[in-house]
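The values are calculated or read from the model by the stated rules, or taken from the named source; none is laboratory data. Not measured: the values here are computed from a predicted model. Backbone-built Cβ (ideal geometry, glycine too); neighbour counts: all protein chains shown.
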Protein chains: 2
Amino acid sequence: MSQPKIARIDQSKLRESAYDALHEAFTRGAFAPGETVSLRTLADQLGTSMTPVREAVRRLVAEGALVDTPSRTLEVPPLDADRMRELKSARLALEALLLEEAMDRIDKDVITGLEKIISAPRSETGTPDLKQNYDFHFTLYRQSRSRVILPLVEALWLQYGAFLNLVVREQAAGEIPEHIHHEEIIAALRDNDRKSAQRSLALDIERSFKLLLPES
Amino acid sequence: MSQPKIARIDQSKLRESAYDALHEAFTRGAFAPGETVSLRTLADQLGTSMTPVREAVRRLVAEGALVDTPSRTLEVPPLDADRMRELKSARLALEALLLEEAMDRIDKDVITGLEKIISAPRSETGTPDLKQNYDFHFTLYRQSRSRVILPLVEALWLQYGAFLNLVVREQAAGEIPEHIHHEEIIAALRDNDRKSAQRSLALDIERSFKLLLPES
DNA sequence: TGCGTGTGATCTGTGATATTTTATACCATG
DNA sequence: CATGGTATAAAATATCACAGATCACACGCA
C-alpha cells in the first residue's frame with residue numbers, strides 16, 4: 001500500500017479520470033483478489049479529494065470490480081471458482097454476440113489494426129501482456145457499435161482482471177500462447193468465416209481461464 | 001415533476017435505500033424515456049441530501065438506466081430500436097444461463113412460490129402488472145445463486161423498465177397475455193424438462209419485446 | 001408588428017470540506 | 001485470561017462554494 005500503483009490524473013472531469021485510472025489499473029492486474037482499498041488512500045494517490053474517487057468507486061462496485069464489505073471497507077473480490085465459472089460462461093455468451101455484430105461491420109483497416117496489435121513487441125519481462133490482449137479483444141468488439149452488451153463485457157473483464165493479477169504473479173508467460181487464437185480469429189475475419197471466427201474466439205476465452213480453472 | 005413518483009426512504013444506509021427506491025421506480029416504469037432528472041429534486045423527494053442520491057445515481061448510470069448528457073444533466077435514455085434489439089439478445093443469452101443454473105437447484109417450495117406470484121390478483125386498472133412479471137422472473141433466477149450474471153440481468157431489466165413506461169401508457173393490458181408463458185415455464189419446471197423450460201422462457205422474452213419491436 | 005439577440009435569473013452538476021456515525025483495535029480492569 | 005470501555009480511524013452524510021448551462025423575457029432593429 002505504500003507505493004502508488006496508479007498514475008496521477010489532472011484536474012478536469014475528475015470523476016471520469018479517476019475511473020479511467022482505476023479501470024486501467026484493474027486491466028493491468030494491479031489489484032489482487034482479497035486486497036482491501038481505502039477511499040482516502042486512492043484519493044491521495046490520484047491527487048484529488050475523496051468525492052470524485054467515491055463516485056468512481058461506486059461505478060466499480062456496480063460493475064463488480066470491487067465489493068462493499070459488512071464493515072464498510074472496500075475489497076477486491078476474493079478468488080472464487082464459482083464466480084470464475086460464471087465469468088467464463090457469461091463471456092462466452094456475450095462476446096459471441098459482439099463478434100457476430102462486429103463481423104457485420106468490420107473493414108480492412110480494422111483487421112490491419114488488429115494485426116498490428118498482436119505483432120507489437122511482447123514485453124521482455126516474460127509476463128503475459130494483459131494490455132495487448134485487452135486491446136485486441138476490445139478493438140474487435142468496438143466494431144459492433146454496441147451500447148448495451150459492450151459495457152456488460154467491460155464489466156466482466158474488470159472482474160476478470162483481478163484474477164489475472166494472480167496469474168501474472170504465479171505463472172511464467174511462455175505457457176500462455178494467447179496469440180495463436182488471435183491469429184486464427186484474424187484469418188477468419190479476412191475470410192469472413194463466421195463459424196471459424198466464433199470457434200476460435202471460444203477457444204481463446206477457454207484458454208484464458210485454463211490457468212484459473214484447471215479442472216475444466 | 002410536481003408530484004413525487006417515488007416513496008420517501010428512512011434514515012439508515014441512505015445510499016442503498018436511495019438506490020432501492022429508484023430501482024423500484026424503474027421496474028415500475030415510473031420514468032419515461034427521454035425524461036431528465038435532477039439530483040436535487042430526487043434528494044428532496046427521498047428526504048435526504050444530495051450525496052447519497054448522487055452515489056445511487058452513479059450506480060444507475062453504470063447500469064445504463066440513466067445517462068449523462070453532454071450538458072451534464074441526467075436523462076433516462078431515449079427510445080432506440082438498436083438498443084432494444086441488443087437488450088433482447090442479451091436477455092435471451094443470459095437469462096438462458098440463469099435458468100439452466102436455477103434448474104439445478106430449484107425445489108418444490110420455490111415452484112409453489114412462483115405459482116402464487118402469477119396467481120395473485122391482477123391489478124384492476126387493466127395495466128400490465130410489471131412488478132408481478134419482475135417478481136416471477138427474479139424469484140426464478142435467484143435460485144441460480146448467481147453473483148455475476150444475475151447483476152448483469154438486473155441491469156438489463158433496469159434499462160428495459162424505462163421502455164415499459166411507454167407500453168404502460170399506450171397499450172391496453174389485455175393484449176399482453178404474459179401469464180401464458182409463465183404457466184408453461186412452471187409446468188416445465190415441475191417436469192424438470194429443460195428444453196421446454198428454455199423454449200418457454202425464450203418465447204416469454206420475445207413476447208415482452210413484441211410491443212416495442214413490432215417488426216421482429 | 002415580427003423576429004432575432006442579449007442578458008440575467010435560476011437551474012444544473014462538481015468538487016471540497018466539515019460533521020456524524022460506525023467499526024475496530026487497544027488497554028485497563030475484574 | 002476474559003471482558004468492557006475508550007480512543008482512533010475510516011466511511012457516510014450533509015453542507016457549502018463554484019462553474020456552467022438553460023430558459024424566459026425584454027429590448028432593439030427591420
ask   = If you check B:ASP20 against the conditions, is it under 27 Å from B:ARG147 (Cα atoms) and modelled with pLDDT under 95?
value = yes
Taking region A:60-83 and keeping residues in contact with a strand residue (DSSP E or B) (Cβ under 6 Å, 6 or more places away or on another chain) and either touching a residue at least 40 places away in the same chain (Cβ under 8 Å) or under 12 Å from A:PHE26 (Cα atoms) (or both) leaves A:LEU66, A:GLU75, A:PRO77
Here the residues within region B:58-87 that are in a loop (DSSP other than H, G, I, E, B), surrounded by fewer than 17 Cβ atoms within 10 Å (Cβ to Cβ) and within 9 Å of chain A (Cβ to nearest Cβ) are B:ASP80
Exercise for the section: Consider B:PRO33 carefully, then state whether it is assigned to a loop (DSSP other than H, G, I, E, B), closer than 28 Å to A:LEU156 by Cα, within 13 Å of DNA strand D (Cβ to nearest atom) and not small (Gly, Ala, Ser). Expected result: no
The residue from B:ALA43, B:ALA90 that alone is within 16 Å of DNA strand D (Cβ to nearest atom) and either part of a loop (DSSP other than H, G, I, E, B) or small (Gly, Ala, Ser) (or both) is B:ALA43
>> Quick check on B:GLU100: is it touching a Leu at 6+ places or on another chain (Cβ under 9 Å), within 30 Å of B:ALA197 (Cβ to Cβ) and touching a residue at least 60 places away in the same chain (Cβ under 8 Å)?
In response: no
Of the residues in region B:122-180 that are part of a helix (DSSP H, G or I) and of a type in the set (D, E, K, R), the one that is modelled with the lowest pLDDT is B:GLU175
Restricting attention to region A:41-52, the residues that are more than 10 Å from DNA strand C (Cβ to nearest atom) and not hydroxyl-bearing (Ser, Thr, Tyr) number exactly 3
If we keep only residues of region A:24-40 that are out of contact with any Ser or Thr (no Cβ under 6 Å at 6 or more places or on another chain) and of a type in the set (Ser, Thr, Tyr), then the residue nearest to DNA strand C (Cβ to nearest atom) is A:SER38
Taking the criterion of being within 13 Å of DNA strand D (Cβ to nearest atom), farther than 20 Å from A:ASP135 by Cβ and at pLDDT 85 or above, would at least one residue in region A:2-11 satisfy it? no
Among B:ALA102, B:ALA43, the single one that is closer than 23 Å to A:LEU87 by Cβ and away from chain A (no Cβ under 12 Å) is B:ALA102
